[in-house]
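Down below is the structure, laid out as C-alpha cells.
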Amino acid sequence: MPLLTFPIALIGLVGLPTVAAIYYLRNRFRRHPVSSLMLWVDQRAPREGGARLQKLQTPLLFFLEVAAILLFTLAATGPRMLTSTSNSPLMFVLDDSLSMRATGGGESARARAIEKVMAILARERRFEATFITAGQQPQTLGSVKSKRQAKQLLAEWRCEAPTDCLGEAVTFAAEQGGPRARLVVVSDRPAGDELGGGGIRWHAVGKPAGNIAIVNALRGDSPSGERYMIELANLSNKPADTVLTVTDEGAGQPRVREALEFGANQSRRLTFSLEDNAPALRVAISDDALSADNEAVLLPPDRTKVRVQTRITDDRLRSDVVRAIDATGRAERVSQGGHLRITDDADVTVAPRNTWPVHLMRGEQPKAYVGPFVVDKAHPLGDGLSLVGVVWSAADIDLPGAPLVLAGNRVLVSDTRRPSGHHELRIAINAEASTLTRSLNWPILFDNLVRWRADESPGVRTPNVRLGTNAYVTVNDEADRVTITDPTGERYEQPVTQRRLTIPAERAGLWRVTAGEQTYKFAVNALARGESDLRQLRTDTAGNWLADTDVRKQYAEAAWLPILLAMGVLTAHLMLIARSSRGSAGVRT
Amino acid sequence: MMESDYHQHLADGEQAGARYALAVPTRVPTGLAGIQLGQHAGASLEFKDHRDYQPGDDLRRIDWSAYARSDKLTVKLYREEVNPHLDVLIDGSHSMALAGSAKPRAALGLAAALTTAAGNSGYTFAGYLAHDGCEPIAHGTNRPSAWDNIAFTGSGNPEAALHQMPPRWRAQGIRVLISDLLWLGEPHTTLDQLVAGAAAVYIIQVLGETDVDPPQRGNVRLVDCETGELKEVFIDAVAERRYRDNLARHQGAWHEAARTVGATMTTVVAERLVEGWDLGELVTAEILSVS
C-alpha cells in the first residue's frame with residue numbers, strides 16, 4: 001500500500017512522535033533529594049516505569065495509544081482485502097462491427113481477437129466468462145466456464161454490425177458482472193473515452209489498411225425510367241484502383257465491367273439506367289482488405305400500384321381528389337374493386353373486404369375553422385401535415401372513430417379500424433369554403449393515404465435496406481407464421497401479428513420471407529462508410545485491472561477492520577485509565 | 001575542621017540571640033531539684049501552694065495533716081528548682097544539611113542564638129552534636145562563634161545517638177533538641193531521655209521548605225540524603241495532599257508526645273527563619289524572651 005500517497009495517513013503518523021515525546025517528557029524523572037523517605041512510604045510508583053530495573057513496568061497505555069494511532073493511520077490509507085479472484089467474473093466485450101472482419105493481408109481482426117481471448121482464459125485457473133457483443137446494441141452472447149465452451153461460443157461471433165457500441169457495452173457488462181467483474185474489451189480500434197476511470201483491460205487487435213468500399217447503392221424509378229446509383233470511396237491516403245462489375249441475378253456475364261482509378265481519399269458516384277423489368281442486380285468491386293463492403297444487391301422497386309376508386313358527386317372536390325391521387329405516382333384509378341374507395345355519397349356504406357372506404361362528408365351549414373388544429377402525428381396520415389394558415393370548412397358532423405385532425409373539439413378527420421384489420425376514414429370538409437385543397441397539405445394528406453394503404457398491402461416496404469436497419473414486410477391475411485431465410489441459408493420461423501413483420505437487417509445479402517405460397521425478398525447491403533475506413537485501426541493494449549476501479553473490484557474495502565480494532569484498543573485504554581484512577585490516585589494514568 | 005559557612009551561621013545566630021534571654025521555664029518536666037527557682041511548682045523545699053490530689057501525683061507529697069482535717073486528699077506544691085544551664089543537642093545527621101535548603105544555617109544559628117540568650121540570662125551552656133552518639137561540640141561551652149568540628153554527616157538520628165551515647169546532661173538544666181525529627185520512631189523514646197533530670201525541654205523542629213512542600217508535580221525520583229535510597233513517585237494533587245497529611249501526622253505525634261512529657265515543641269521553617277533571623281516564634285513558644 002503506497003502509504004506516502006495518503007496525506008491523511010501521513011498526518012496520522014505525526015501522532016506517533018507526538019505521543020512518544022509526550023510520554024518521554026512525562027516519564028522523565030526529576031532527581032529530588034529529600035530529608036527522609038518516611039513521608040513517601042505510601043506513595044506508589046508510576047506505572048510508566050523508571051530508571052531502576054525493578055521498577056520497570058510495561059507502559060501499556062503508551063503502546064495502546066501507539067497502536068490506536070497506527071490503526072487509524074492504517075484505516076486512512078483505505079486498506080482493502082484481497083477477495084478470491086477465482087470468483088471474480090470475466091466480462092468480455094467483443095467488438096461486433098464489420099471492420100473486425102478486415103484481414104489486412106493476413107488473418108482477420110476477429111481471428112486475432114479470438115486468439116487474445118483464449119490467451120487470457122488460458123491464464124485463468126478457474127473462470128466464469130461472459131461474452132457481450134458490441135454491435136448496434138450490446139447483446140449477451142453467452143457465459144462459459146471452460147475454454148472449449150468459449151471456443152464454441154466465439155464461433156457465433158459474426159462481426160456484421162454497421163457500427164459498434166463499445167461504450168454502452170462496457171456499461172452493460174459492468175452492470176451485468178457486478179462490482180467485482182473484470183472487464184476485457186477486444187476491438188480493432190484503440191481505447192477512447194470508454195476506458196473511463198480504469199479497471200478495464202482494452203486489447204486492440206486491428207491493423208490499419210487502405211480500402212475501397214461501396215458506401216452507397218440505390219435503385220429506383222425516375223421520370224426517365226429506372227436507374228441505379230453506386231457510390232464508391234477510396235478510404236486510403238494513397239491512390240488505388242478497382243474493377244466494378246454489375247451482374248443481373250442469375251446471369252453469367254456482368255452487364256457492367258469497369259476499371260476505376262481513385263485518387264487518395266476520392267469518392268465517385270456512378271449512375272446507370274435500367275431497362276424495364278430489369279432483374280435484381282449484384283454489384284461488386286475487386287477484393288481488398290474488407291470484403292463485406294465489396295458487394296451489394298439491388299432488388300427492383302415494388303411497382304405495385306394502389307388501386308383507388310373515386311365516387312364523388314361534387315365536381316370541384318372530385319377534381320381536387322383526383323389530382324392529389326395522381327400526384328402520388330403510386331396509385332391507379334379504377335372503377336371497381338379498389339384498395340381505396342373515396343366517396344362523398346353518404347348512401348354508400350358497404351365496401352368490399354379489401355377496400356378501405358374514405359368518406360368525404362360535406363354536411364349542412366358548414367363552419368370555417370382557422371385553427372388551432374391538432375394533428376395526430378403518430379398516425380400515418382398525420383405525417384408531414386402542417387395546417388397553419390389553412391381555413392378548413394366543415395359541417396357539424398360527429399365523426400366516429402379515433403380523431404386524427406381536430407379544430408378545437410371538432411373532429412375533422414377520423415379513423416375507424418375494423419376487426420378485420422382494415423380501416424374506414426372520414427373527412428369532414430366543404431371544399432368550396434376551404435383553402436385546404438389549395439394548400440400543400442392536400443396532396444400530402446393523400447400521399448400519406450396511398451402510402452399507408454400500400455404498406456398495408458402484402459409485400460416489402462423497402463426492398464433494399466442498409467445493414468443495421470429494419471425490413472418491414474406485410475403478409476397476406478391467411479398467414480399466421482412465416483419462414484425467414486437469411487443470406488447464409490439459415491431458416492427460422494416467426495409468428496405474424498396483424499400481418500406485419502419487422503425483421504432486423506443484421507446480415508448483408510438477400511433475405512427471403514415465405515408466407516404460405518407467397519415469398520417476399522429484400523436485400524441488405526453493408527453500406528457503412530465508418531466501418532469501411534480501416535485507417536484508424538490499431539494494435540494496442542491499454543488499461544489495467546490493478547488500477548482504480550479494478551482494485552476496488554478485486555479488493556474489498558477493509559477500513560472498517562482497523563477502525564474496529566482501534567475502537568477496541570481505545571476501550572481498553574479507557575478501562576485501564578478508569579481502573580488506575582480507582583486504584584491509585586498517586587499513579588499517573 | 002568544619003565548613004567555613006558554619007562559622008558564619010553560628011555568628012549570625014549569635015548576633016540574633018544577643019537581643020534575647022532564655023525564658024524561665026513555664027512548664028516543668030519531671031526532674032530533680034535545681035539551684036534556681038522557677039515560676040511553677042516543683043520539687044524544691046520552698047512551699048508554694050496546695051492543690052487537690054490527682055492520680056499520678058507523688059504520694060509522698062500528700063498533706064496528710066490536711067487530709068486529717070478536711071478528709072480531702074491534698075498535695076503540697078513546692079516551687080520548682082532550675083539549674084541555670086542549657087544543653088543544646090543538634091541533630092548532626094545528613095538530613096540537617098539537605099542540599100538546597102537552609103536547614104544547617106538555621107540549626108546552627110538557632111543553637112547559637114539559644115546559647116547566646118542563655119548567656120544573657122546567666123546560664124551556662126554546652127553544645128552537643130548527635131552523630132553516631134552525642135558528642136560534645138568542640139569548644140561548645142564557649143561562645144558559639146568559637147564552636148568547631150561541626151559536621152552534618154551522621155547517618156543515624158538523635159534517638160539512636162541518645163541511645164548509643166547520651167550526652168552528659170547537667171541535672172535540672174534546660175535541654176534543647178534542634179532537629180528536623182524526620183525519622184521513623186516513637187517520639188517518647190527520644191523525649192523520655194531528654195526529659196529525664198531536666199528542668200525544661202524544648203524541641204525545635206527545623207524543616208526546610210523542601211520538607212514542608214512536596215516537589216513540583218510530575219515524575220520525581222526521590223533520593224534519601226542519608227541512606228541514598230531511591231523512590232520514584234508521580235506527584236499530583238492527591239500525592240501532595242497525602243504527603244502533607246503524613247507530615248502533619250508525624251508532627252502531631254511529636255507534639256502529643258511532647259505535651260505528655262511536659263516538653264515544649266515548636267517548628268520553624270529554615271528559609272523563613274534565616275531570612276531576617278526573627279526569633280519571634282521562640283518568644284511565642286516562651287523559649288526566649290526579649291532581654
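Computed from the Cβ-Cβ distance with R0 of 45 Å, the FRET efficiency linking A:Q139 to A:S224 stands at 0.50. Taking every DSSP bridge with both residues inside region A:310-411, close to 55 percent are antiparallel. Only one residue of B:G127, A:T163, B:N219 has its Cα farthest out toward the positive end of the dipole of the protein assembly as shown, where Lys and Arg carry +1 and Asp and Glu -1 on Cβ, and that residue is A:T163.
When both region A:284-301 and region A:188-257 are represented by their alpha-carbon centers, they are found 8 Å apart. When only alpha carbons are used to place a centre, region B:169-198 and region B:229-243 end up 31 Å from one another.
Amide H contacts under 5 Å for A:G459: A:T474, A:V475, restricted to partners 5 or more places along the chain or on a different chain, H placed in the peptide plane at 1.01 Å from N. For the peptide B:234-243, the mean number of other protein chain Cβ atoms found within 10 angstrom of a residue's Cβ is 6. Paramagnetic label reach from B:E256 (point 7 Å along Cα→Cβ; backbone nitrogen cut-off under 16 Å): within region B:192-217, no residues.
Could you tell me the center-to-center distance, by alpha carbons, between region B:97-120 and region A:397-476 in angstrom? The two parts, judged by their Cα centres, are 133 Å apart. Rg and Dmax of the protein assembly as shown, based on Cα coordinates, read 62.3, 181 Å. The residues A:K207, B:K72, when put in order of fewest to most other Cβ atoms within 10 Å, stand as B:K72, A:K207. What FRET efficiency comes out for B:R69 versus B:S291 if R0 is 45 angstrom and r is the Cβ-Cβ distance? Round to the nearest 0.05. Efficiency, rounded to the nearest 0.05: 0.45. Remark: spin-label model distance B:N142-A:E275 equals 16.6 nm, labels positioned 7 Å along the Cα→Cβ axis. Under DSSP H, which helices of chain B have Cα atoms covering 15 Å or more of the helix axis and a Kyte-Doolittle average no less than 0.5? None clear 15 Å together with a mean of 0.5. Full extension of the chain between B:E229 and B:T124 gives 33.7 nm of extra length, using 0.36 nm per residue less the Cα-Cα distance. The trypsin sites (Lys or Arg not before Pro) of region A:321-387 that meet both conditions, a loop assignment by DSSP and at most 10 other Cβ atoms within 10 Å of the site Cβ, are A:R353.
Between A:A368 and A:K147, 0.36 nm times their residue separation minus their Cα-Cα distance comes to what?
Taking A:A368 through A:K147 to full extension adds about 72.0 nm, to one decimal.
Taking a Cβ cut-off of under 12 Å around A:A296, the surrounding Lys, Arg, Asp and Glu residues balance to a net charge of 0, with basic ones at +1 and acidic ones at -1. For region A:304-446, taking the reciprocal of the average inverse distance between every pair of different Cα atoms yields a Kirkwood hydrodynamic radius of 15.3 Å. Assuming charge only on the beta carbon of Lys and Arg (+1) and of Asp and Glu (-1), the dipole of chain A about its Cα centre is about 3820 debye to the nearest 20.
The DSSP beta bridges internal to chain B are antiparallel in roughly 45% of cases. Residues within the reach of a label modelled at A:R30 (point 7 angstrom out along Cα to beta-carbon, backbone nitrogen below 12 Å), restricted to region B:193-227, are B:214-222. By the count of neighbouring beta-carbon atoms within 10 Å, fewest first, B:Y67, B:Y128 end up ordered B:Y67, B:Y128. Note on chain B: Cα-Cα pairs beyond 29 Å make up 37% of the total pair count. With a cut-off of 19 Å on the backbone N, the residues of region A:265-306 near the modelled label site 7 Å out from A:D248 along Cα-Cβ are A:272-284, A:296-303. Within 10 Å of the Cβ of each residue in B:213-219, the mean number of Cβ atoms contributed by other protein chains is 5. Under a model in which nothing but the beta-carbon of Lys, Arg (+1) and Asp, Glu (-1) is charged, region A:358-492 shows a dipole of about 280 debye around its Cα centre. Think of the protein assembly as shown as a dipole: +1 on every Lys or Arg Cβ, -1 on every Asp or Glu Cβ, centred on the Cα centre; then among A:N211, B:L73, A:W545, A:N211 lies furthest on the positive end. Remark: region A:111-118, residue by residue, has Karplus-estimated 3J(HN,Hα) of 5, 5, 5, 5, 4, 5, 4, 5 Hz, where x stands for each Gly or Pro and the curve is 6.51 cos²θ - 1.76 cosθ + 1.60 at θ = phi - 60°.
The Cβ shell under 12 Å around A:Q336 holds other residues with a net charge of +4, Lys and Arg each +1, Asp and Glu each -1. Distance between the modelled labels on A:D42 and A:I11, one decimal in nanometres: 4.9 nm (7 Å Cα→Cβ projection).
At an R0 of 56 angstrom, the distance between the Cβ atoms of A:S286 and A:T519 translates into a FRET efficiency of 0.95.
Subtracting the Cα-Cα distance of A:R126 and A:A155 from their residue separation scaled by 0.36 nm leaves 8.3 nm. Restricting to chain A, compute how many DSSP beta bridges are antiparallel as a %, nearest 5. Here the share of antiparallel DSSP bridges comes out near 70 percent.
Quick note: the coordinates plus some simple rules give every number you see, no bench work behind them. Only a predicted model underlies this, so the values are computations on that prediction, with no experimental measurement involved. Counting neighbours? That spans all protein chains shown, and the Cβs are built from the backbone with ideal geometry, glycine included.
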